[in-house]
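The values are calculated or read from the model by the stated rules, or taken from the named source; none is laboratory data. Predicted model only: the values in this text are computed from it and were never measured. Reconstructed Cβ throughout: ideal geometry from the backbone, glycine too, with neighbour counts over all protein chains shown. The area values use the complete protein model at the heavy-atom level, side chains included, leaving out ligands, DNA and RNA. Shrake-Rupley method; radii C 1.70, N 1.55, O 1.52, S 1.80 Å.
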Amino acid sequence: MTNKTRALCVLMTSAAICALATPAIHAQEDATESRVLQTVTVTAQKREQSAQDVGIAVSVVGQQEIRAKRIEAPSDLVVFTPNATVKENIPGLMPVVTIRGVGLNDFNATNNPATGVYIDEVSLSSLALLSSDLYDLERMEVLKGPQGTLYGRNSTAGALNIISAKPDFDAYTGRLMVGLGSYDSRELEAVANLPVADTLAFRLSGKASLQDEGFYFDETRNRDVGRRDVLSGRAQALWQASETVDVLLKVEGQRGKSELGSPEFFGALPTPSETNCPGSPACSDFFGYMDTDGDPFRGAWSIDPSYDYDQFGATARIEADLGFANLTSVTGYIDFSREYGSDTDAGPLRLTDFNNSDDVEQISQELRLSDSNDRLDWQLGVFYAVDEVTTVYAGDLQDLFNTTTLSIADQKSTSKAVFGNAEWWLNDQFSLVTGLRYTNEVREADNFTQDNVSEVGGSFLTMAPFGSAPIVLAAVDDEIDESSWSWKLGVNWKPVDDLLVYASASQGTKSGGFFAGVATNPAQLIPYDSETLISYETGIKGTAPQLGIRYEASAFFYDYSDVQTFIRDQIGAVPVQRLGNVDEAEIYGADFLVAYRPAAIPGLDLSVGAGLLSSELGAFESGNGTIPAGNEQPDAPELTLNLGASYTADVSDRLSLRFAIDSRYQSESFRDAINDPLLFTEEYWVTNARISLFDEGNWDLSIWGKNIGDEAYVTQGVNQLAFGYGFRVYGAPQTYGISLTKEF
């Protein structure tokens, strides 16, 4: 029996013992003082509830924990969520979120994420919108499994809810934080809550993040790259228009004048220093380039690292008590644009370099009618959204094909949905959950790739002579119109107040679309199909205040069909990576979360989260021929762990000292559906720590470190050995800093 198998057995046995022992635990009468853990409030079901009363696997962090763990981007959800992974095709750009092995293995801005991401109830339509900085948050929630009967946009993996801190009428308050860190970084965050009248309050918040030294060193430019300059601002107004109507308005913007990192090269051909090829950085490409420095953050790159973006957003939330029900309206608008370069050959020559731009404009409207009483909690909703995305890839292939290319994807999506969810209380202990959703989505695409035949000597890509008109390699001008149904059926059982047992079956869908990258054959632009996931899940949640324990465990099985995943396509003149479908897949596993406050050591808090996962893809066709059934899903490690500990001690009547550490483990996994061994990533641990001296509610002085062990770990890889190279993307190295926060 391997160590990993032993670990899985121990975790599963512990969960079983916990479940069997629960009635006895809750029956105990403890004469000692109760060690009550803080109640975690969520809005996972569009109403405020304790997380322990929600029959869904939910991972959540509140305002203080977000600040303490320096959760600053959507990709940081892995810090507190078992069975979740995040990767980037380019360091610092477009994270791909995978939950329980379900994710979108794509890099195009025209696609929707498999995990629905919501900021203040507004869904983000494009992968390009997931790279923004976060600040002044109240809470983050990760819901696992299909959630279409509760949320505006359909999804298969789950939902990530990001909730900004709101204005309130209580008092004038504020917060100012300044910080310094490694790589010559500085940050400033300011927040002000301004109740200017009994019925009107404002909240202003902003953040500046500067980093004058990048993680990466570019030998071509002989300087570091990856510098950051990001400014963010948000203004909110909460107006109590009447005793029955509340209006919350928000406008926010973010401007980035930063740089991107680059991946680490690996080559195809053996060299005097490396014969175990392909796959090593010390192997060479077809032009003799190799990377022998042994540093994954050092290389020779040929692309301008600049990354400039601008984003503006506005949200209006109106809630009205109609007497018989509550009406909620959420209107959202986002306008986003960016420009960046990508060196996909990870070397000094212009083999496959691209200068890219994305423009995203979306508007959405959601209306919900809801009510709660002793016997029924119900919600009915309608959703409408229009997204327009234009993506441009200007390819520089001069040193490989003696030409340049141009790829433009202009896509418009219109989504309409009607959904409803109800929890029927059969008695004081049992409730039945039912949900249904109908969705119609129309996607229009006008995409093409052309060879510009731009260089003297003619193009080696199409063999066209110099002076020829640009040659269109692939084009599509088409639309798809899809309708789908999602549903949920579940049962909740609360035998006692501190215990919930639940079981559910649900179905979610994600619509099809068009590949929007570089294509060299029209067949590569044939639309891919929608995917469907049916989830079967059972779980238990509970608290034992007399023991200082809060726990939850769940087990699930996914029946997954028409899986959207990245495949290597060689049907055109040049191999490309594109999105396609695999007929079927099966995924099963379990999630565990335990929080513990031991009586023997006052001030100590411990937490353990674990995710177990097994996945199997059906057979599918690829550029390498038929791939037999049995491959693992991309980004689906068998084991993930989230461990945390903090200890707080009083050092005077007013001052306290807190030590905190958290670690995340991820077992080995593949990065593509083909299960390419060159893209196989090893297991790794990432550990963060923080020491804080504080006067509660007044000030906080903290020293922090992220990845304090300086673990070098791979998060993504791409194999382009047909051109002589590939690359791997590494997670951020060790960083550290100090911050001072003053509250007013």
Original post:
Using 7 Å Cα-to-Cβ label points, what is the SER50/GLN734 separation (nm, one decimal)?
Top reply: 4.3
Subject >> Accessible area per residue in Å² at 1.4 Å probe, computed on the chain >> reply: 40
Subject >> HN-Hα J in Hz across segment 94-110 - Karplus 6.51, -1.76, 1.60, θ = phi - 60°, x for Gly and Pro >> reply: 6, x, 10, 9, 10, 10, 6, x, 10, x, 9, 7, 9, 10, 8, 5, 6
Original post:
So between GLU482 and ALA600, what do we pick up on full extension, going 0.36 nm a residue minus the alpha carbon distance?
Top reply: 36.6 nm
Original post:
How far apart, in nm, are the 7 Å Cα→Cβ label points at GLN64 and VAL442?
Top reply: 5.2
**OP:** Would you calculate the separation in nanometres between label points at SER652 and TYR172, each defined as 7 Å from the Cα along the Cα-to-beta-carbon direction?
**Re:** 2.8
Original post:
Can you run phi through the Karplus equation (6.51, -1.76, 1.60; θ = phi - 60°) for segment 371-383 and list ³J(HN,Hα) in whole Hz, with x for Gly and Pro?
Top reply: 7, 9, 8, 5, 10, 8, 10, 9, 8, 10, x, 10, 9
Original post:
According to the Cα gyration tensor, what semi-axes, each the square root of 5 times an eigenvalue, does the equivalent ellipsoid of the chain have, listed from largest to smallest in whole Å?
Top reply: 42, 29, 28
**OP:** Give the long-range amide H neighbours of SER155: residues separated by 5 or more places, or on another chain, with amide H under 5 Å away, using H modelled in the peptide plane at 1.01 Å from N.
**Re:** GLN147, GLY148, THR509
Original post:
In terms of the Cα gyration tensor, with a ≥ b ≥ c the square roots of its eigenvalues, is segment 233-347 rounded because a/c is under 1.5, prolate because a/b exceeds b/c, or oblate?
Top reply: prolate
Original post:
So how tilted is helix 3-27 from the main axis of the chain? Cα-based, degrees 0 to 90, rounded to 10.
Top reply: 20
Original post:
By how many nm would the segment from VAL392 to MET463 grow when fully extended, if each residue of separation counts as 0.36 nm and the alpha-carbon distance is taken off?
Top reply: 23.2 nm
Subject >> Ranked by how many other beta carbons lie within 10 Å on average, peptides 461-467, 139-145, 284-290 from highest >> reply: 139-145, 284-290, 461-467
Original post:
What's the percent breakdown of Cα-Cα distances in segment 278-325 across 5 Å bins, shortest bin first?
Top reply: 4, 12, 13, 11, 8, 6, 6, 5, 6, 5, 5, 5, 6, 5, 2
Original post:
With a ≥ b ≥ c the root eigenvalues of the C-alpha gyration tensor of segment 536-673, is it rounded (a/c under 1.5), prolate (a/b larger than b/c) or oblate?
Top reply: prolate
Original post:
Ranked from highest to lowest mean number of other Cβ atoms within 10 Å per residue, what is the order of the peptides 195-201, 650-656?
Top reply: 195-201, 650-656
**OP:** Give the shape of segment 588-744 as rounded, prolate or oblate, defined through the alpha-carbon gyration tensor: a ≥ b ≥ c are the square roots of its eigenvalues, a/c under 1.5 means rounded, and otherwise the shape is prolate if a/b is larger than b/c and oblate if not.
**Re:** prolate
**OP:** Based on the mean of other Cβ atoms within 10 Å per residue, sort peptides 549-558, 670-679 so the most packed one is first.
**Re:** 549-558, 670-679
Original post:
With respect to the cross-link table entries LYS144/LYS742; LYS250/LYS742; LYS257/LYS416; LYS706/LYS742; LYS87/LYS742, which display a Cα-Cα separation exceeding 30 Å?
Top reply: LYS144/LYS742; LYS257/LYS416; LYS87/LYS742
Subject >> ARG153 accessible area, 1.4 Å probe, all protein chains in place, Å² to nearest 10 >> reply: 20
Subject >> Accessible surface of LEU176 - all protein chains present, 1.4 Å probe, nearest 10 Å² >> reply: 70
Original post:
At a 1.4 Å probe radius, carbon and sulfur cover how many percent of the accessible area of segment 645-744?
Top reply: 58
Original post:
How much length is gained on full extension from LEU322 to PHE430, taking 0.36 nm per residue of separation minus their Cα-Cα distance?
Top reply: 36.0 nm
